[in-house]
Amino acid sequence: MCTNGVNTAQFEQMLDQLDDHVALEYRWSHKLAHTAEDAGYENVSENLHRAQALLADVRALIDESKMALEDDAEAAASATVRLV
């Protein structure tokens, strides 16, 4: 459905694609953190684990955006347009 010139279904798919991309980076940062830890690079490992936590926050915000999209699209669809 299009609302205010935006196809909300396509927009939601794009948010899903963004989430998939961030999920991949989340997994890579986790793997690299453990590789660094195994090699004795404690500072690198710690930084990568912090990056992983931030990527988890990003994914949570993307989920919140998807829920907000539904709410906003519903609110925008109930708007009345009148010719003056």
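Where a number appears in this text, it was derived from the coordinates with a stated rule and is not lab data. Since the model is a prediction, treat every value here as computed from it, not as a measurement. As a convention, Cβ positions derive from the backbone with ideal geometry for all residues, glycine included, and neighbour counts pool all protein chains shown.
Would you please name the GluC sites (Glu not before Pro) within segment 1-68 that are DSSP coil residues with at most 14 other C-beta atoms within 10 Å of their C-beta? It would help to have the intermediate numbers written out before the result.
On the way: sites: E12, E25, E37, E42, E46, E64; in loops: none.
Here no GluC sites (Glu not before Pro) fit, given the DSSP loop and packing criteria.
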Notebook entry, point to check: Can you work out the base-10 log of I(q)/I(0) for the chain at q = 0.16, 0.19 1/Å, using the Debye formula on its C-alpha atoms alone?
Noted result: -0.70, -0.82
Next item on the list: Enter the angle in degrees (range 0 to 90, nearest 10) between the Cα long axis of helix 42-77 and the first principal axis of the Cα atoms of the chain, meaning the one along which they spread out most.
Entry: 10
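At a threshold of 8 angstrom on Cα-Cα distance, excluding pairs fewer than six apart, so keeping six or more, what relative contact order does the chain reach in percent?
Numbers: 48 pairs, mean separation 28.3, N = 84.
Relative CO of the chain lands at 34 percent.
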